[in-house]
Amino acid sequence: MRTFTIYLLAFATGITSLFAQKRNITEKDLFDFVWTGDPQISPDGTRVAFVRVTVNEKKEGYNTSIWSVPVAGGEEPHQLTKGDHDTAPRWSPDGKFLLFLRATEKDGKPEPPQLSILPMAGGDSFVFTDLPKGASNPLWAPDGKTIAFTSETNTEDLAKQEKKKRKEEELKKANEISPSSRPAGKSANKATPMPTSASDAVAKTKEAEAEHESDIRVITRAVYREDNEGYGDPKHPQHIWIVTAPRNTDEKAQPRQVTFGRFDEGNVVWSNDAARIYFTSLRVDEPYYELSRTELYSVPASGGAPTKLNSIDMEMNNLSLSPDGKQIAFIASTTQPINSYTQPDLWIVDLTPNAKPRNLTAAFDFDVGDGPFGDNAAPRAGGRNIPIWTPDGRSLFEIYGKEGKAVLASFDVGSGAETDLTHGNQAVLRFCAPADRSKIVYTVSTPTRINDLFVLDRSGGEGRQLTHVNDALFSKLNLAEPEEIHYKTFDGKTIQAWLQKPPDFNPTKKYPLILNIHGGPHAAYGYIFEHEFQWMAAKGYAVLYPNPRGSTTYGQDFGNVIQYHYPGDDYRDLMAGVDDVIRRGYIDDKRLGVTGGSGGGLLTNWVVGQTNRFAAAVSQRDIASWQAWWYSSDLTLFQPNWFKAPPFDDEQEFKARSPLTYIKNVKTPMMFILGEADYRTPPGAGGEEMFRALKFCKIPTVMVRFPNESHELSRSGQPWHRVERLQHIVGWFDHWLMGVPKPEYEVAPHEEVPIKRAMMSGN
């Protein structure tokens, strides 16, 4: 009887669990997301170290730490480092040490990251550099004895640091007065005042003046600040340093600067014998006056003058040395002809003077090294994909973007022939491989998975999942896959799009629709996690997100067709998508909303100036006037890629393509989401202008400004700000499409503006 009772209880529990209702996702679930980034597999292929990212306790930032998981599976990931801001894990060639970057805080202010090492045999990690401007991009030498890295530290910084240390030491000694020599009644932390002469006062004044650092900026370059990075400092170019790798805390490491001068260096690669370092630079003060170009250099690790090997008429990225040490693979886009968009290719160049690069993927009409983007890449995790050579040098592993997916592939070095290694509706974000290349570890994102680690054996088969970092949370959420749709636009082109439907969707009901437009404009939506779309759907909206002409992952011609015509026909592609979905019968055409960020913000502004069919719009990090943007963005349009001439030589073209020109046509209630530290689309060239003009025209409008946020607000902004952004976007649509009272959006909050009955139909 007891056994039977237990069986009944177990059966009842199972039934209850089976029919337990999952809840809809909310905007605040972002606080509990876990992101994995920058995976690095051990040389023997047994373990993967990765950066685990979570929202911090105050929800004002992100914590990053290094975790590990066995490739064989069977174990949960475990934490390797205890810092709050640990990134860039890098295995030593023998696998006995894990190098990483650790950033700390001092007096509540962030300190620059420094090099740290964790002995894998046991023991605590330790920091072994103390450079004033910190360290970045660490890279082990092949022999495991030395580490190369980059830093913006200069000799003046080191001198100031040494002077500060001496002063602190002197102050410490001055306060260490022994009790026997201290006068009676005197406190140990109070020194007896000494008379000050006039000459002493003058000396102190001069010393204070010498130590004063002016906070003004004298700008001489057109590109003087970068979004999410801040103002540039020509006095602190990024140079290459090396340091002997310490094995314990008793070994004192003394970093040594290898390159000098006033130009930045990057893309550091060791030679196979660890005798030389290859790197890229461009010895040009103002490169925006000419087409993109990269100079490839070599410098002895022991020190000496760099040797220029090549000047290549492209921007080289993600350099990778061949197994025989004679070639470098890299990702780059050609500069001729001058396009609005040129898809990136996989290239190889010999390490001989002035060798001509060879394009492996010239006949491959997809974006190598790129793919769709979403709002949940791992913030602060860092890392990048570098083409991986097979040991025999015959193939290279890399990702590419195709029709809203990111695929891991193998490219034949001789013929350029491509072979897919991963399959399915997903986006591969990062990848790595052990020394023997017997397997590949990679992170995957899908519309219902933020990202997880997978491993693929080169011998064949499907990828095997190693982590389930968000399963505990996502198992409680009612998430749905979007529906992929295709439709014909005005000129016969086929447009790919996705429709995120509300949970428990009923085709007999009428739903409000939000058209969500991606930025770029040369970017792509696709099979990747989008918290924003899932939450909008959970709030009762159907969300349409298309890839109109100009989008990537569809080939060179489709991407570049909007050159000198943006915005324009891409708007018509978007409207064709809205029409296609309305014809399906479950959309209320009186409750249409439109939103988008960056280039999508520009197109949102454009849409409402061309049609009044939308009942509400939210324009994010937008452009209103091309002319104002030309003069203020951190990007320069000095080359004729988007416009044929500057605004003072072609004023009418800039006006014709600026949404602000059509402001009198706008009748749609508009909200503007702006980052106050956005240098990519400065508020003064976008939302601020639109907001003021609409106020003059007495059109309902609201401007929501986010302090200290850059153009990356939606992807890596402060967590609370990311949540509040979502709340305001959906709040605006709730007000105008659902009839929800929102007094905070009214000039007089105590007065409720009546919602038009037409907008309420079908609710």
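The values are calculated or read from the model by the stated rules, or taken from the named source; none is laboratory data. These numbers come from a predicted model, not from an experiment. Glycine gets a Cβ as well: all are built from the backbone with ideal geometry, and neighbour counts include every protein chain shown. We work out accessible area using only protein heavy atoms, side chains counted, and drop any ligands, DNA or RNA first. Shrake-Rupley method; radii C 1.70, N 1.55, O 1.52, S 1.80 Å.
Compute the helix-to-body angle for 198-211: its Cα long axis versus the longest principal axis of the chain, expressed 0 to 90° and rounded to tens.
Helix 198-211 and the main axis of the chain meet at about 50 degrees.
Please calculate the 1.4 Å probe accessible area of W629, with all protein chains present, and give it to the nearest 10 Å².
Surface open to solvent at W629 totals about 10 Å².
Measuring from the lowest to the highest alpha carbon on each principal axis, how far does region 206-275 reach, largest first, in angstroms?
44, 35, 24
For region 716-721, in order, what is each residue's ³J(HN,Hα) by Karplus, 6.51 cos²θ - 1.76 cosθ + 1.60 with θ = phi - 60°, in whole Hz (x at glycine and Pro)?
These are the phi-based 3J(HN,Hα) values: 9, x, 3, x, 4, 5 Hz.
Tell me, Kirkwood radius of region 51-123 from alpha-carbon pair distances, in Å? Provide the component values of the computation, followed by the final result.
Numbers: mean 1/r = 0.0744 Å⁻¹.
Its Kirkwood hydrodynamic radius stands at 13.4 Å.
May I ask for the Kirkwood hydrodynamic radius of region 217-360, worked out over all distinct Cα pairs and given in angstroms to one decimal? Each step should come with its number before you reach the end.
On the way: mean 1/r = 0.0585 Å⁻¹.
Its Kirkwood hydrodynamic radius stands at 17.1 Å.
If the convex hull of the alpha-carbon atoms of region 540-662 is projected onto planes in all directions, what is the mean projected area in square nanometres? Working shown, then result.
Working: hull surface 33.6 nm².
Mean orientational projected area (region 540-662, Cα hull): 8.4 nm².
If you build the Cα gyration tensor of region 345-492 and take the root of 5 times each eigenvalue, what three semi-axes come out, in whole angstrom, biggest first? Spell out each step's value before the answer.
On the way: eigenvalues 175, 91, 38 Å².
Output for region 345-492: semi-axes of 30, 21, 14 Å.
Using only the alpha carbons of region 530-609, determine the length spanned along each of the three principal axes and report them from longest to shortest in whole angstroms.
Here the spans come out as 37, 25, 23 Å, largest first.
Just going by the charge dipole of region 618-659, with Lys and Arg at +1 and Asp and Glu at -1 on Cβ, which of N641, S658, S619 is farthest out on the positive end?
Sorting the options by dipole projection puts first S619.
Which log10 I(q)/I(0) values does region 430-563 give at q = 0.16, 0.17 Å⁻¹ under the Debye formula, counting every alpha carbon as one identical point scatterer?
After summing over all Cα pairs, the log10 values are -0.98, -1.03.
Within the set K590/K664; K488/K590; K58/K501; K167/K308, which residue pairs have Cα atoms separated by over 31 Å?
K58/K501; K167/K308
So, for the chain, what is the accessible surface per residue at a probe of 1.4 Å, expressed in square angstrom? Can you show the working numbers first?
Details: 35570 Å² over 763 residues.
Ligands and nucleic acids excluded, the figure is 47 Å² per residue.
What FRET efficiency, computed as 1/(1 + (r/R0)^6) with R0 = 30 Å and r the Cβ-Cβ distance, is obtained for E484 and T419, rounded to the nearest 0.05? Don't skip to the answer; put the middle values down first.
On the way: r = 24 Å, r/R0 = 0.81.
Calculated value: 0.80.
With every protein chain kept in the model, how would you rank S619, S459 by accessible area, 1.4 Å probe, largest at the top? Walk me through the intermediate numbers first.
Values: S619 0, S459 115 Å².
In descending accessible area the options line up as S459, S619.
Sorted by accessible area (1.4 Å probe), largest first, how do K160, K235 line up?
Working: K160 90, K235 155 Å².
Greatest to least solvent exposure: K235, K160.
Strictly greater than 19 Å: what percent of every Cα pair in region 310-388 meets that? Please list the in-between numbers first.
Working: 1331 of 3081 pairs.
Tail of the P(r) past 19 Å holds 43 percent of the pairs.
When each pair of different Cα atoms in region 576-733 is counted once in the 1/r mean, what is the Kirkwood radius in angstroms, to one decimal? Display every interim value, and only then the final one.
Working: mean 1/r = 0.0618 Å⁻¹.
It is 16.2 Å.
Report the extension gain between R217 and K655 in nm, rounded to one decimal, defined as 0.36 nm multiplied by the number of residues separating them, less their alpha carbon distance. Please report the intermediate quantities before stating the final value.
On the way: separation 438, 0.36 × 438 = 157.68 nm, distance 3.22 nm.
My answer for the length gained is 154.5 nm.
Please list, short to long, the whole-number percent of alpha-carbon pairs of the chain in consecutive 10 angstrom bins beginning at zero.
Binned Cα distances yield the sequence 2, 12, 21, 24, 19, 12, 6, 3, 1, 0, 0.
Can you tell me the mean projection area, over all orientations, of the convex hull of region 47-182's alpha carbons? Units nm², please. Mind showing how you got there, number by number?
Working: hull surface 50.9 nm².
Seen from a random direction, the Cα hull of region 47-182 projects 12.7 nm² on average.
Please sort by residue number the trypsin sites (Lys or Arg not before Pro) in region 562-668 whose DSSP state is loop and whose Cβ has at most 12 other Cβ atoms within 10 Å.
Qualifying residues, ordered by number: R583, R584, K644.
What translational diffusion coefficient, to the nearest whole µm²/s, does region 520-573 have by Stokes-Einstein, given a Kirkwood radius computed over alpha-carbon pairs, a temperature of 37 °C and 0.692 mPa s viscosity?
Working: Rh = 12.4 Å.
Estimated via Stokes-Einstein, D reaches 264 µm²/s.
Identify all aspartates and glutamates with a Cα-Cα distance to K235 below 13 Å; exclude those on the same chain that are fewer than 8 residues away in sequence.
The reachable aspartates and glutamates, counting only those whose Cα sits under 13 Å from K235, are E152, E156, D157, D264, D285.
Excluding residues on the same chain fewer than 8 positions from K667, give the aspartates and glutamates whose Cα lies under 20 Å from its Cα.
Straight-line reach from K667, under 20 Å: D588, D589, D622, E688, E689, D734, E746, E752.
Per the helix-only calculation at 222 nm, which mean residue ellipticity applies to the chain, given -39500 (n - 2.57) for every DSSP H run of n ≥ 4 and division by its residues, nearest 500 deg cm²/dmol?
Numbers: 14 runs with 145 residues, N = 763.
Helix contribution divided over all residues of the chain: -5500 deg cm²/dmol.
If one takes the longest principal axis of the Cα atoms in the chain, at what angle in degrees, from 0 to 90 and to the nearest 10, does the Cα axis of helix 687-696 lie?
Relative to the chain, helix 687-696 is tipped by roughly 40 degrees.
Using a 1.4 Å probe over the heavy atoms of the protein chains, calculate the carbon and sulfur portion of the accessible area of region 31-170 as a whole percent.
Details: 3060 of 6630 Å².
Solvent-exposed carbon and sulfur of region 31-170 make up 46 percent of the total.
Hey, what D do you get for region 591-655 in µm²/s if you plug the Kirkwood alpha-carbon radius into Stokes-Einstein at 25 °C and 0.890 mPa s?
Numbers: Rh = 12.9 Å.
Once the numbers are plugged in, D ends up at 190 µm²/s.
Pull up the cross-link candidates among the lysines for K439, meaning alpha carbon to alpha carbon under 26 Å and not fewer than 8 places away within one chain.
Those lysines meeting the cut-off are K96, K326, K402, K405.
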